[in-house]
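Working notes for the structure below.
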Amino acid sequence: MQSPEIAQKESAMRARQLEKAKQLVIHMEAGDDEAANRLIEEMGRMHESLLFEELGKLTRDLHEALNAFRLDSRLSEITKNDIPDAKERLNYVVAMTEQSAHRTLNAVEESLPMAESIARQARELSEAWQRFRHRELSAEEFRLLAQEVGEFLERTGGEGESIRRNLSDVLMAQDFQDLTGQVIRRVIHLVQDVEENLVGLVRISGERLAVPEPKRKEPREDGDGKGSGPAVPNTSDGGDVISGQDGVDDLLSSLGF
Amino acid sequence: MKILIVDDFSTMRRIIKNLLRDLGYNNTAEADDGSTALPQLLSGSFDFLITDWNMPNMAGIDLLKAVRADAKLKDMPVLMVTAEAKRDQIVEAAQAGVNGYIIKPFTADTLREKIDKVFERINAGG
């Protein structure tokens, strides 16, 4: 691809070359070798000078493009801060999801044996109860059954409560989806940012003349009121973050709440 | 007692809804953004608003401000349940007239305690 400027120069040069060539023919027909040689040399230099001019321009463009790239601090900021930041955020996601999975599994592992033993004992008692209904139990057996039913009811009450508590824990453990989801969305946002900046970089190296305005995206949390999701340790979230509900309660009560 | 739960994550809405049911509040509705919550609040007869902060279109803080600015809704108790924990944000919410502020992740006990406190204060204030 040639710019119109270069095409214009080349056609002007071709016209001059044609002029020189005509003169060259005249000199050679006249047998003036000296003048002919001088003309041939001149014609060579004409071509060289255009080449050097073009080369010089290319070098300048490259220089400018490199400078523009260096000035685009967003990309270097991304590599220096945002990428390590994103790694920490994703590590946080791994840790949170692992913690929630364990919390859920613990509750299930504790509840399953209780539910199983309640079901098993209920079946056994049910058999004895059937025999009682069919008047097949002796007085001694009935006393035993009554005692077992009493114990069973007491145990079921306690373990039922334990199972309820565990299920409630399983419910609360699902909060990881919200918290990690917010963090993952932030990382997706960063990936889009990287993509846009890389496209800009490709454009700089692809189009020598047009250097695009470097993309400068402000960090999302600054001032748009939308919030930034959970504070992740070891990231740029370090700032003025209140730790935990107690910290929030203290702050609010200091404000007269 | 009719309660509107606003959060862009459906999992969190379900968690809060289940916790409220545990606490004896069965009449709840949900919205996934401030922008969809506001029309619901304006047209429904809600008594209490529980909202997240960080949502895609209209943030919880803007919803809170809109509620306080509306003649019909301005006295509605609002509880914020959010992962936003910056000092400035909590102060902003307090100044906007929030009735309670819960940081995620939270426990069932915290939710109960804050809801009780909100109503205690409202009843005490007449």
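The values are calculated or read from the model by the stated rules, or taken from the named source; none is laboratory data. From a predicted model like this one, the values you see are computed outputs, not experimental measurements. FYI the Cβ positions are ideal-geometry reconstructions off the backbone, even for glycines, and counts take in every protein chain you see.
Details
- Single condition B:D8 does not satisfy, out of (1) among the charged types (D, E, K, R); (2) farther than 19 Å from B:F119 by Cα; (3) not in a loop (DSSP other than H, G, I, E, B): (3)
- A single entry from B:L23, B:L79, B:L63, B:L41 fulfils the requirement of being modelled with pLDDT of 95 or more and over 22 Å from A:I242 (Cβ atoms): B:L41.
Conditions tested, residue by residue: (1) of a type outside the set (A, V, I, L, M, F, W, C); (2) over 30 Å from A:R165 (Cβ atoms).
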residue	(1), (2)
B:S10	yes, no
B:M58	no, yes
B:A94	no, yes
B:G97	yes, yes
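- Matching entry among A:R123, A:R103, A:R38 (being among the charged types (D, E, K, R), part of a helix (DSSP H, G or I) and modelled with pLDDT under 90): A:R38
- Residue selection: A:Q192 fails the criterion of being within 30 Å of the chain's Cα centre (by Cα), within 14 Å of chain B (Cβ to nearest Cβ) and not hydrophobic (A, V, I, L, M, F, W, C).
- All of B:N54, B:N123 fail the test of being farther than 20 Å from A:G229 by Cα and among the polar types (S, T, N, Q), apart from B:N123.
- Restricting attention to the range B:13-55, the residues that are among the hydroxyl-bearing types (S, T, Y), within 14 Å of another protein chain (Cβ to nearest Cβ) and touching a residue at least 40 places away in the same chain (Cβ under 8 Å) total 1.
- B:R112 meets all of the listed conditions (1) facing another protein chain (nearest Cβ under 9 Å); (2) within 27 Å of A:T97 (Cα to Cα) but one, namely (1).
- Residues located in the range A:212-250, provided they are among the acidic types (D, E) and modelled with pLDDT under 70: A:E213, A:E218, A:E221, A:D222, A:D224
- Selection count, the range A:240-257, where residues are more than 7 Å from every other protein chain (Cβ to nearest Cβ) and either in a loop (DSSP other than H, G, I, E, B) or under 20 Å from A:R89 (Cβ atoms) (or both): 2
- Within the range A:156-186, if we keep just the residues that are among the β-branched types (V, I, T) and closer than 13 Å to A:I118 by Cβ, the residue that is farthest from the other protein chains (Cβ to nearest Cβ) turns out to be A:T156.
- Whichever residue in the range B:93-104 is surrounded by fewer than 20 Cβ atoms within 10 Å (Cβ to Cβ) and within 9 Å of chain A (Cβ to nearest Cβ) and, among such residues, is nearest to A:D169 (Cα to Cα): B:A94
- Selection from the range B:85-105 of residues that are under 17 Å from B:I16 (Cα atoms) and more than 14 Å from the chain's Cα centre (by Cα): B:P105
- Within the range A:3-30, being within 23 Å of A:L58 (Cβ to Cβ), among the small types (G, A, S) and surrounded by 11 or more Cβ atoms within 10 Å (Cβ to Cβ) holds for A:S3, A:A12.
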